[in-house]
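Scroll down for the structure; my scribbles are underneath it.
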Amino acid sequence: MKNFLKQVGANLTALTLFFVLLAVAFSSSVLLNLKKNIVPVTQTHQKLVPNSILHITLEGELVEYKKNALSTGFSLAGLRYALEQAAQDEDIRGVFIELTSHFNAKGYAHLDTIRKYIKNFQKSGKPVHIYSESYTLPFVATFASADNLTLHPVGRVNLQGPYGMLFYRKKVLERLGITPFVFQSGKNKNHGEEYVKDKPSVETQKSMLDIYKFLYNDSLKKVEQAKHMPKGTIHQINIDHAFLNPKQACQYKIINSIGAKQEALEAFKASFNFQPDKKNTVNEISLTAYVKEKQQAQTQRNEEAKILVLSLEGDITDGKSSENNISSEKVVPIIKKYTEDKSYKGLVIIVNSRGGDVMACEKIQYEIIQICKAKPVVALIRNMGASAGYAIIMNAHHIVAHEQSIVGSIGTVSIGFDISKLMKKMGVHVETIKTSPNSSNVYEALNEKTKAAYQAFNKYMAQRFKNSVLKARKGKIDPKVLDEFADGRVEFGEKAKAIGLIDEIGDLDTSLEKAAELADLKPGKYTVYYHKEPIYLQNILVQQFVSAAT
């Protein structure tokens, strides 16, 4: 019996050890795969030496900054930091930017930020060379001021303006037996009309066309000014051509040269070579390697003057959500933490959202009001601060937006579906046992009292939204102007400023300087930190909560 128990114990021990080793092996494999497939690989062989060029590859999704150790997006903060450093770095001779087809810039305001970073770098007198396999109008507008734009020999340039497609689903829903109900607070609060109409309303068509025209004309202006072209030149090209082949793009002086990437890169390097008859001696360093090296060399930080940057991007949702949404459950604790943390003297909130859930908006808005009582808060609207996306930041001490930022959409929409007809078509009988006559669910049509209740509640919420804007922007917005505007319409930066929805046209630098001013910090004499999220793998903390620069 003893031998039997010993044998069982030995087997259990061996089995336990086997599973422990298997778990370790699996964990190592997961971590290695994460490192290999998720974490951007730094080219460690690249070192900063004299006579170098900074090679920047634009690919992946554009993000404000890398929120954790596993982030793969292209960071605006990293680009800003690298170009600022490179402008004054004697070892950097110029910048080569490779625009890939996989680059998702998200919006015009983001692209305009990149354009401004490049123009600021060019003040150093160092050249910028752009290479791409193809160009569209927004990217030509972004890089038009560069010293050289190269296009691949089989690439093309499309200068046509932006457009959008609206899909109206009323008839297909009718065929399916689904009856939608949509309650809107204003004629321009048009989200949801695609379920109840056959085609866009006059207001929707005008609103969309106005947005596209503004963005189109803004891009035309940037290209024509940078290329010293008469006004109307690009629009005439668009009338004459659907798109331009490389030879045509050169003839119209949209691009400067034609060639493959390696040819463009070698030509750029050769322009700095003092010994053209010998092998090229110009070094090349990637953005990732350059930022890492510069940060390692700069350890001094002003811990007495810290400003935090917090990015809120995506739809606003209640409870838990994905990384691409503004989740109240995630955001509220973050804001509470920084409300109590006195080491941060000011906060800049970057918002990029079309709106979302009312309850989640209220929770986040409340916490922002609380942090505003503790320290200066400046909000920056990137591409969009609309509906709840505007509501969450409207109580900030100062609101900044780009010229291309879409602001407003003050109002509310309620959307629901009655699938009782669909159930009948499918042969499903639904019997509702009620204790109250006006209770409702998706398996039955709304009665008139319930419809009236929904509409009344929607009107109440819209009025509450408008009153909240008046309170938050007291003294900055005329109630009569707001009454006219608060029907769901949106405006771009300058008009939003004229209405009183924002305080200033600017960028992140504008927002940081304003936060420093409100916190009584000296201009440029503070350290900027970006909120980052901790990552846990097998209970190992991979990333600190906040970090500087990128």
Subject >> Lone unmet requirement of (1) open to solvent by 10 Å² or more (accessible area, probe 1.4 Å); (2) over 17 Å from the mean Cα position of the chain (by Cα); (3) more than 16 Å from residue 515 (Cβ to Cβ) for residue 391 >> reply: (1)
**OP:** Can you work out which of the residues in the stretch 499-519 that are in contact (Cβ under 8 Å) with a residue 24 or more places away in the chain and out of contact with any helix residue (DSSP H, G or I) (no Cβ under 9 Å at 6 or more places or on another chain) is surrounded by the fewest Cβ atoms within 10 Å (Cβ to Cβ)?
**Re:** 518
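Given the structure, is residue 430 β-branched (Val, Ile, Thr), in contact with a helix residue (DSSP H, G or I) (Cβ under 9 Å, 6 or more places away or on another chain) and under 26 Å from residue 350 (Cβ atoms)? Quick ask: steps written out before the conclusion?
Numbers: β-branched (Val, Ile, Thr): yes; in contact with a helix residue (DSSP H, G or I) (Cβ under 9 Å, 6 or more places away or on another chain): yes; under 26 Å from residue 350 (Cβ atoms): no.
Spelling it out, it is not the case that residue 430 is β-branched (Val, Ile, Thr), in contact with a helix residue (DSSP H, G or I) (Cβ under 9 Å, 6 or more places away or on another chain) and under 26 Å from residue 350 (Cβ atoms).
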Subject >> the stretch 175-193, subset over 24 Å from the mean Cα position of the chain (by Cα), charged (D, E, K, R) and at pLDDT below 90, residue least open to solvent (accessible area, probe 1.4 Å) >> reply: 193
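Restricting to the stretch 410-455, and then to whatever is among the charged types (D, E, K, R) and not in a loop (DSSP other than H, G, I, E, B), can you tell me which residue is most open to solvent (accessible area, probe 1.4 Å)? Walk me through how you get there before you give the answer.
Our first condition is that a residue be among the charged types (D, E, K, R); within the stretch 410-455, this holds for 418, 421, 424-425, 431, 434, 444, 448-449, 451.
Imposing the further condition that a residue be not in a loop (DSSP other than H, G, I, E, B) reduces the set to 418, 421, 424-425, 448-449, 451.
Working: 418: 11, 421: 120, 424: 162, 425: 129, 448: 132, 449: 144, 451: 82 Å².
So the residue we want is 424.
Is the stretch 324-331 home to any residue that is over 21 Å from the mean Cα position of the chain (by Cα), more than 30 Å from residue 212 (Cβ to Cβ) and of a type in the set (Val, Ile, Thr)?
Filtering the stretch 324-331 for residues over 21 Å from the mean Cα position of the chain (by Cα) gives none.
No: the stretch 324-331 contains no residue that is over 21 Å from the mean Cα position of the chain (by Cα), more than 30 Å from residue 212 (Cβ to Cβ) and of a type in the set (Val, Ile, Thr).
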Original post:
Of these, 163, 168, which one is open to solvent by 40 Å² or more (accessible area, probe 1.4 Å) and either more than 20 Å from residue 243 (Cα to Cα) or touching an Asp or Glu at 6+ places or on another chain (Cβ under 8 Å) (or both)?
Top reply: 168
Original post:
Is it true that residue 330 is modelled with pLDDT under 95, charged (D, E, K, R) and under 20 Å from residue 527 (Cβ atoms)?
Top reply: no
Original post:
Mind checking which pairs have a first residue in the stretch 475-496 that is more than 21 Å from residue 215 (Cβ to Cβ) and a second that is not aliphatic (A, V, I, L, M), Cβ under 6 Å, 6 or more apart or different chains?
Top reply: 476/500; 477/500; 486/466; 487/186; 487/187; 487/188
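Might you let me know whether the stretch 358-381 holds any residue that is in a loop (DSSP other than H, G, I, E, B), out of contact with any Cys (no Cβ under 6 Å at 6 or more places or on another chain), open to solvent by less than 10 Å² (accessible area, probe 1.4 Å) and among the aliphatic types (A, V, I, L, M)? So that I can check it myself, show each step before the final result.
Step one: filter the stretch 358-381 for residues in a loop (DSSP other than H, G, I, E, B), giving 375-376.
Subset that is out of contact with any Cys (no Cβ under 6 Å at 6 or more places or on another chain): 375-376.
Narrowing further to those that are open to solvent by less than 10 Å² (accessible area, probe 1.4 Å): none.
No, the stretch 358-381 has no match at all.
When only residues in the stretch 132-157 that are in a strand (DSSP E or B) and open to solvent by 10 Å² or more (accessible area, probe 1.4 Å) count, which is nearest to residue 259 (Cα to Cα)? Give the steps one after another, and end with the answer.
Filtering the stretch 132-157 for residues in a strand (DSSP E or B) gives 132, 135-136, 148-151, 157.
This time we only want the ones that are open to solvent by 10 Å² or more (accessible area, probe 1.4 Å), so: 136, 148.
Working: 136: 18, 148: 12 Å.
That would be 148.
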Original post:
Right, residue 273: within 30 Å of residue 514 (Cα to Cα), assigned to a loop (DSSP other than H, G, I, E, B) and at pLDDT below 85 or not?
Top reply: no
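Does residue 430 satisfy being in contact with a His (Cβ under 7 Å, 6 or more places away or on another chain) and of a type in the set (Val, Ile, Thr)? Give the derivation first.
Values: in contact with a His (Cβ under 7 Å, 6 or more places away or on another chain): no; of a type in the set (Val, Ile, Thr): yes.
Answer is no for this residue.
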Original post:
Across the stretch 158-199, what is the number of residues that are farther than 30 Å from residue 235 by Cα and in a loop (DSSP other than H, G, I, E, B)?
Top reply: 14
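Quick check on the stretch 50-82: of everything there that is β-branched (Val, Ile, Thr) and in contact with a helix residue (DSSP H, G or I) (Cβ under 8 Å, 6 or more places away or on another chain), which residue is surrounded by the fewest Cβ atoms within 10 Å (Cβ to Cβ)?
Going through the stretch 50-82, the residues β-branched (Val, Ile, Thr) turn out to be 53, 56-57, 63, 72.
Pick out the ones that are also in contact with a helix residue (DSSP H, G or I) (Cβ under 8 Å, 6 or more places away or on another chain) and you get 53, 56-57, 63.
Details: 53: 24, 56: 23, 57: 17, 63: 20.
Residue satisfying both the conditions and the ranking: 57.
Report yes if residue 343 is among the hydroxyl-bearing types (Ser, Thr, Tyr) and crowded, with 20+ Cβ neighbours inside 10 Å, otherwise no. Spell out the reasoning first.
Working: among the hydroxyl-bearing types (Ser, Thr, Tyr): yes; crowded, with 20+ Cβ neighbours inside 10 Å: no.
No.
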Original post:
Does any residue in the stretch 460-472 that is assigned to a helix (DSSP H, G or I) come within less than 7 Å, Cβ to Cβ, of a residue that is open to solvent by 30 Å² or more (accessible area, probe 1.4 Å) six or more places away or on a different chain, and which pairs are these?
Top reply: 461/358; 462/185; 470/479; 472/395
Original post:
When the stretch 86-113 is examined, which residues are found to be part of a strand (DSSP E or B) and either in contact (Cβ under 8 Å) with a residue 60 or more places away in the chain or of a type outside the set (S, T, N, Q) (or both)?
Top reply: 92, 93, 94, 95, 96, 97, 98, 99, 102, 103
**OP:** Output the residues belonging to the stretch 478-526 that are outside any loop (DSSP other than H, G, I, E, B), touching a Lys or Arg at 6+ places or on another chain (Cβ under 7 Å) and over 27 Å from residue 346 (Cα atoms).
**Re:** 482
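The values are calculated or read from the model by the stated rules, or taken from the named source; none is laboratory data. On a predicted model such as this, the values are computed, not experimentally measured, just so you know. Quick reminder, even Gly has a Cβ in these numbers, built from the backbone with ideal geometry, and neighbours come from all protein chains shown. These accessible areas exclude ligands, DNA and RNA; they are computed on the full protein's heavy atoms, side chains included. Shrake-Rupley method; radii C 1.70, N 1.55, O 1.52, S 1.80 Å.
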